[in-house]
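Participant: This is the structure I have questions about; it appears just below.
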Amino acid sequence: MIQAAGGEANLESFFGALIRQAIDEVVDGPRTGRIQYSSLTPEEKKYVGTKLEIILRNELEYPRGRLLDLDVQGIEADIKWSQGSAWMIPRDYDDTTRHSRPPVCLLIGTHMEDSLEFNVGVARANLITGGRNRDGKGSLRASHVDQVVGSTATWLVRRGQLAPTFLATLPGAAVDRIMAARKGQARVNQLFTETVGRPVPRSAVETMAQQKDPLRRTRQDASRSTASALPFLVLSGVWKAHQEAARQLTGHTLKKDELMAVSHEALAKLPAELLSRVRKEP
């Protein structure tokens, strides 16, 4: 896993990105218009764990084990997701006819309801604290893992920080103005009005547009179809000229999945040759 993350120093960003992807895919902003984890139903929050398992297995390129979620070079491991940092361990993990030793668990837990903190650890399933519930499941808490780190457990990430969804970084009043628009074009226009000079991820545009070909709403022809001309042009990281324009005007080089609204006054400060190339792009 350390190798897949590109080194131990990258573990927080590696797992943070996968957790964020799983949550965002379940929130499904482009279809639902939701932007927050808190808007999920209890059943949907549980499904984040299933989604994370799928994403993680694909990213690590480990096959499914015979009994458990992962086969890591012959060692089977289970992926355990918790909405807090207390993981429920099934009774059958103690079944010696199925497991010669208590299984290894990859523990992933968040605190999405009150913070963006997350933990990722590896531990044996026999570290259960306290009794079991009616289903026979025992609880394994982060505080107990802390006590045995270095012997039967290892933290890969302890108290890491998830990146918030883009819309959650905007002032509440700005989000209210964006969401007040009834049509996708108006929501997208308001999104860029609130974020002039700031890179906006494609996922935020998709959430606001809620239609097929959502990025069409950021192109010049779509913007010009509105009743009045917009006071900005939307740059796209797909185009080299747009990347260069954003870099010269803001110091930020747009990634391919980013866009940025730039005022016409700012655009006028670009070299004529670059401005010409910018305006020729779709």
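No value in this document is a laboratory result; all are computed from the given coordinates. Note that the structure is predicted; figures quoted are calculated from it, not measured. Because the Cβ atoms are built from the backbone with ideal geometry, glycine has one as well, and the counts that use them run over all protein chains shown.
Participant: Setting aside same-chain residues fewer than 8 positions from LYS240, which lysines have a Cα under 21 Å from its Cα?
Facilitator: Filter leaves LYS255, LYS256, LYS269, LYS280.
Participant: By count of other Cβ within 10 Å, fewest leading, how are THR250, THR169, THR41 ordered?
Facilitator: On the way: THR250 16, THR169 13, THR41 8.
With the sparsest Cβ surroundings first, the list reads THR41, THR169, THR250.
Participant: Would you mind putting 13-22, 264-273, 26-35, 176-185 in packing order, based on average other-beta-carbon counts within 10 Å, highest first?
Facilitator: 13-22, 26-35, 176-185, 264-273
Participant: Would you work out if segment 1-101 is rounded, prolate or oblate? Take a ≥ b ≥ c from the square roots of the eigenvalues of the alpha-carbon gyration tensor; rounded if a/c is under 1.5, else prolate when a/b is larger than b/c, oblate otherwise.
Facilitator: Because a/c hits 1.5 or more and a/b fails to exceed b/c, segment 1-101 counts as oblate.
Participant: If you don't mind, there's one more thing I want to ask. Sort 253-259, 64-70 by the packing proxy (mean of other Cβ within 10 Å over each peptide's residues), most packed first.
Facilitator: 253-259, 64-70
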